[in-house]
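Read the structure below first, then the notes.
Laboratory data are not the source of any read-out in this text; all were calculated from the coordinates shown. What you see is a predicted model, and the numbers here were worked out from it, not measured in a lab. Counting neighbours? That spans all protein chains shown, and the Cβs are built from the backbone with ideal geometry, glycine included.
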Amino acid sequence: MNFELNEQQSALAESLSRLLANRYPFERRRALVAAGQLHDTQTWAKLGEMGVLALTLPQAHGGFDCGARDLLPVMQSLGRALALEPVLATGVLGATAVRLAGSENEQASVLPRVATGETILAWAHDEPAARHDSVRVETRAEQKNGQWMLSGLKSPVLAAAIAGRLVVSARVAGSSSESEGLALFLVDPKQDGVSLRNFTLVDDSSASEVKLLGAVAEPLGDPFDGRRALSALKATLAAGIAGACADMAGGAQAAFELAMDYLRVRKQFGRAIGENQALRHRAADMLVCLEMARSMAMAAASAVDQPDGEEAALDLHRAKLSVARNAREVMHGAIQIHGGMGVTEECAVGHYLRRLQVLDQLFGDADAHAAHLAAAL
Amino acid sequence: MELNLSPEQRAFRDDVRAFIRDRLPADIRERLRAGNFPRKQDIIAWQRILNERGWAAPHWPKRYGGADLGQMERLILLDEIYRAPAPIPSVFNVIMLGPVLLKYGTETQKEFFLPKLLNMDLWFCQGFSEPGAGSDLASLRTSARREGDQYVVNGQKIWTSSAHHADWMFALVRTDPEARKQQGISFLLIDMKTRGISVRPIISLDGDHHLNEVFLDEVRVPVSNLVGEENKGWDCAKFLLANERTGIANVGLCRERLDYARELAAHTLQAGRPLLEDVNLRREIATLDAEIRALEITNARFLLTESEQRRLPSFASVLKLKGTEIQQAIYQLLTRIAGPAGLERRTPAEPSLAALNARYFYSRAASIYGGSSEVQKDILAKTAVG
C-alpha cells in the first residue's frame, strides 16, 4: 500500500491550490453569486489550460489517461475553495460517460473540446421518480426516420444551463426498473425538443430540470448494446461518487481549519475559547472524523481506478456513506465552534455544510448506501 | 497511491492463512469465536506454535528470533491472527518489553530474556499504573532505593493485568525522589517470586479475574535488572508506549467480531425467523463495517506513511479513539443479538452466550486503559488547537 501523491499529482494539486487561493477567495465567490454568475469563466479557462478537465480523458482525444486517484487532490482543492466551476459535471461525469460509452469517432468529435473546457458536458441521468435508485430510468429513446428522439424528465442536472452537450440516459427497451435496455445519448440542449428550467441548488451551484420532448439525440456507441451502456453508466456514477467524496473531504478539511483558527482567536470570558476542554474535545472528535473522511475518499478513488480490487465493490458504498457522515460531523462542529457567526451567510464555514448537503444527495445519499450495504451483507 | 496489496503481500497473507488453518487448535479457535478470553495455556500454546514458524515477534530482528517483517506484513499477520480468531502474541512480552530490551537492554539481558519472551517461557506483566498514577503516569510513587548492588522497592501497582499469571514484571519505579516528575524514574525487571511481593485480585465488571493489585514491600531487585540508565526509565516508557501503535486500532479484532455478529444473527431465531433478516440490524452491521474500513485505511495510512506521521504526530490517538469506539459498539451489538439467552451467568469455563455479556462489560475498560479517551482527545486538541 502507498498513500502518497506522486510528483505529477502533487505538482498539479499545488498549482491548483495557488490558482484557487488567488482567484477564488470566499469574498470573490460571494460576489460571483451575488452577481448571478453561474461560475467564473476566467477561472474556467485557467482550469482548461492546466489540464484539470482533461485529466481522465484518453490521450488520443486531448487527455492525460489519468484516473480517479489523480482527480482526488483536484476535487479536494475545489471542495476547499467551494468552487462553483462545473468540474464534477463535465470533467468527471460527462468525460467518463463519453469515454466509456462512445465509439472512437464519437469521442473524437466531442472530447478534445471537453478537455480544454470549451465544451461543457452535463450528466442528465437522475429522474425525480428514481430518487436514490441509481439505475431507474423512465426516459424513452425512439427511432423515427433513422433519427433517435428522447422523451422524459431529468432533474437535477448539474450545469445544464452552461452545457454545450447533455449526456442523457434513456431506455430503448424495457420498463423503468429494469437494468437492461439502457443507452446513453448526446443531446444538444439548444433545440426545440429540450426545455430547461434553471435554478440554483442550496449551495449556489447551478442545476436544471431538463424536459425532453422528442429531443434529437446521437447515441453513444451501439444503442442496443445495453450491457456496455449499463457498465458505462455505473462507472460514471462510481466516478461521481469518488469525485463527490473527494470534494466533501476537501470541504471538511477547510471547515476544520477555519474552526481551529477561530478557537485560537475568538476570546470570551477573557481567554481564547479554544482553552475550554469541551471545545477542545469537540475539536478532537472533528479531527478523527476528518481523518476517516480522508481515508474513505482515497478508498472511493481507488475503487474507481481498480474495480477488481478485493474491497472495491463495497468501498464505493462504504465511502459515500462514511465520507458524508464524517464530513457532516466536522461541519456541524465547525459551525458550532463559530457560534452565531457560524450561522451567517457572510461566514464561509456554513457554506461547506450547504455544499455537503448537495453532494450527499448526489449518486445516492448516506442512507441509500447504508441500505445497499445492508442488503448485500 | 495504492490501496491494494501487492502480489507478494497477498502471497504472504495466503501463507499466514494456511499456517493458521493448519496449526491453530480447534478448541482455542472455538473458545475465542464464542467470545471467551483465551486461557493462559491457550496464549502460551499458540505463541509457541507461532514461534516455531518465526512469527511470534513480527517486528523483532531475525537475530533475536523475530520475523523482521516490514510494517505492511506486520499488519497482515496481526490481522490474520485476529480474524482466525487466535490469541495475538503477548502484548507485554512481544510488543512492550521486547523492543525496550532490544533498544536499551544489555547483551546479557537480551540473551537471557528475549528467547524466553518469544516462547512464553516467562510471562511478563506491566507494572506501570498506581492508585495515584493512572492517566497521569509520571506521578507514580513506587520507590526503589539503592543498597549495594540491589534496589529495594516499596509501593503499590494497580490494574496489573495477568499479574496472577506472571513470572516477571517490568515496572516503573522512582529512583530519585528529588527529581522533577518524569526524571528520577527507572525501568526495572522484577521476578514475581521475590519475597515481599503480594498479588491481590481485582474482580472486574465481567465477574472475571484479569486485574490485580501488586504490593511491593522491601522487594530486593538486583541492579543488573535495571533496563537502560538509572533515572532514564521515562525514555523506555515513552518508547514502549509508542510501540503500542501498530496494534492500537485493533482492526482485525473489529472485523472478526462483526463477522461473528452477522453469523450469530443468522443463527438466532426471533419469532421463527433469522434475526439477520431484520433491516435495522443489517443496517447497523453495514454501518459498522464501513466504519471499520475507514479505520483500517486510516491505520495503514499512518503506520505506513512517514509524511502522514509528520503531518499528524498524534495519529495514534486517532486510532485509539476510533478503534475503541467501534470495538465497544460491536461488543454491545453482540449482547443485543444474544438477547435474553445471553443473560444467564455461567462460569467462564462453560460455553454460553453469557461470554458476550462478559466481553461487553469488560469492553467498557477499553476507553479507559492505555490512555483514556479523554486523554487522547486532550492530545489531539493540542495538535489541532495548540
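Data table
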read-out: Top of A:124, A:300, A:161 by mean-square fluctuation, Gaussian network on chain A, Cα under 10 Å; value: A:161
read-out: Cα-centre dipole for segment B:132-287 with unit charges at Cβ (Lys and Arg positive, Asp and Glu negative), debye to 20; value: 220 debye
read-out: Total charge dipole magnitude, chain A, about the Cα centre, Cβ charges on Lys, Arg, Asp, Glu only, Debye to nearest 20; value: 980 debye
read-out: Percentage of interatomic Cα-Cα distances in chain A larger than 33 Å; value: 28 percent
read-out: Degrees between helix B:354-363 axis and first principal axis of chain B (Cα, 0 to 90, nearest 10); value: 50 degrees
read-out: Modelled FRET efficiency - R0 35 Å, residue A:27 with residue B:309, Cβ distances, 0.05 increments; value: 0.45
read-out: Cα shape, segment B:248-384, gyration tensor, a/c 1.5 rule; value: prolate
read-out: Shape of chain B, Cα gyration tensor, a/c cut at 1.5; value: prolate
read-out: MRE, 222 nm, helices only [DSSP H, n ≥ 4, -39500 (n - 2.57), over the protein assembly as shown, to nearest 500]; value: -15500 deg cm²/dmol
read-out: Angle between chain A longest axis and helix A:366-376 axis [Cα atoms, degrees, rounded to 10]; value: 60 degrees
read-out: Convex hull of Cα atoms in segment B:7-89, direction-averaged projection (nm²); value: 5.2 nm²
read-out: In nm, spacing of pseudo-spin labels at residue A:313 and residue B:280 (7 Å Cα→C-beta vector); value: 3.0 nm
read-out: Within the protein assembly as shown: Cβ-based charge dipole about Cα centre, in debye rounded to nearest 20 (Lys, Arg +1; Asp, Glu -1); value: 1420 debye
read-out: Between helix A:277-305 and chain A: long-axis angle, C-alpha atoms, 0 to 90°, nearest 10; value: 20 degrees
read-out: Phi to ³J(HN,Hα) by Karplus 6.51 cos²θ - 1.76 cosθ + 1.60 over segment A:67-74, Hz, x for Gly, Pro; value: x, 5, 5, 6, 6, 3, x, 5
read-out: For the protein assembly as shown, with +1 on Lys and Arg beta carbons and -1 on Asp and Glu, the positive-most of A:102, B:140, A:340 along the dipole; value: B:140
read-out: Whole-Å distance, taken between Cα centres, linking segment A:257-271 and segment B:119-174; value: 42 Å
read-out: Cα radius of gyration and Dmax for segment A:7-118 (Å); value: 14.1, 43
read-out: Centroid-to-centroid separation of segment A:38-79 and segment B:226-305 [C-alpha atoms, Å]; value: 38 Å
read-out: Euclidean distance between Cα centres, segment B:311-386 to segment A:115-170, Å; value: 48 Å
read-out: Where N is the number of residues in the protein assembly as shown, Cα Rg divided by 2.2 N^0.38 Å; value: 1.09
read-out: Full-extension gain in nm, residue B:13 to residue B:62, via 0.36 nm per residue minus C-alpha separation; value: 15.7 nm
read-out: Inter-label distance, nm, simple model (7 Å from Cα along the C-beta direction), residue A:277/residue A:261; value: 3.0 nm
read-out: Two-site FRET efficiency, residue B:242 against residue A:8, from Cβ-Cβ distance with R₀ of 51 Å, rounded to 0.05; value: 0.90
read-out: Prolate/oblate/rounded label for segment B:124-231 (Cα gyration tensor, a/c 1.5); value: oblate
read-out: Listed residue (B:380, B:342, B:362) projecting farthest to the positive dipole end of segment B:248-384, Cβ model; value: B:380
